[in-house]
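Below is one structure; the comments refer to it alone.
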Amino acid sequence: MPILQIEHPVRDFDAWKRAFDADPVGRERGGVRRYRILRPSGDPNYVLVELEFDGADEAEAFLDALRDLWRGAEVQGLIERPQARIVDTVEDREY
């Protein structure tokens, strides 16, 4: 399953989270099966998001929609310098 990994600084995590929860791109409609939000220990103003999809085409289309959204979000000051990449799980093991 492809995973769209996104990371970027945020000026205000609570404001960013409200915008994320508003779901302006439509995660479920866009094919997201599950997501995870992470923050580095000691840096509450940096966000990492993992969005999991069934197929690469869905992940690519969703990334395109996000890039359109980010242009406005950067202007509004919610995020800075977003980076994204689509990765595939090679191995996954639980202990």
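The values are calculated or read from the model by the stated rules, or taken from the named source; none is laboratory data. This is a predicted model, so every value here is computed, not measured. Cβ: placed from backbone, ideal geometry, glycine included. Neighbour counts: every protein chain shown. Calculation scope for accessible area: heavy atoms of the full protein, side chains included, ligands and nucleic acids excluded. Shrake-Rupley method; radii C 1.70, N 1.55, O 1.52, S 1.80 Å.
Using Cα-only point scatterers and the Debye equation, what is log10 of I(q)/I(0) for the chain at each q in 0.10, 0.18, 0.19 Å⁻¹, rounded to two decimals?
Reported log10 I(q)/I(0), two decimals: -0.26, -0.84, -0.93.
Taking all protein chains in place and a 1.4 Å probe, what share, in percent, of the accessible surface of the chain do carbon and sulfur account for? Mind showing how you got there, number by number?
Details: 2850 of 6370 Å².
Taking all protein chains in place, the chain shows 45 percent carbon and sulfur surface.
Using a cut-off of under 12 Å, list every residue of region 6-32 whose amide N is near the label point 7 Å from the Cα of residue 65 along the Cα-to-beta-carbon line.
23-32
Where nothing but the Cβ of Lys and Arg (+1) and of Asp and Glu (-1) is charged, how large is the charge dipole of the chain around its Cα centre, in debye to the nearest 20? It would help to have the intermediate numbers written out before the result.
On the way: 14 positive and 21 negative charges, 70 e Å.
Taking the Cα centre of the chain as origin, the dipole is about 340 debye.
Using only the Cα atoms, work out Rg/Rh for region 33-81, with Rh taken as the Kirkwood radius, to two decimals. Could the numbers behind the result be given before it?
On the way: Rg = 12.7 Å, Rh = 12.4 Å.
In region 33-81, Rg relative to Rh is 1.03.
With unit charges on the beta carbon (Lys/Arg positive, Asp/Glu negative), name the residue among 44, 32, 83 whose Cα is farthest towards the positive pole of the charge dipole of the chain.
Farthest along the dipole direction, towards plus: 44.
Counting only heavy atoms of the protein chains, get the accessible area per residue of the chain (1.4 Å probe) and round it to a whole Å² value. Let's see the in-between values first.
On the way: 6370 Å² over 95 residues.
Heavy-atom accessible area per residue stands at 67 Å².
May I ask you to list the residues of region 1-32 whose amide nitrogen lies under 12 Å from a point 7 Å from Cα along the Cα→beta-carbon direction of residue 48?
5-8
Give me the angle, in degrees from 0 to 90, between the Cα long axis of helix 56-76 and the longest principal axis of the Cα atoms of the chain, rounded to the nearest 10.
10 degrees
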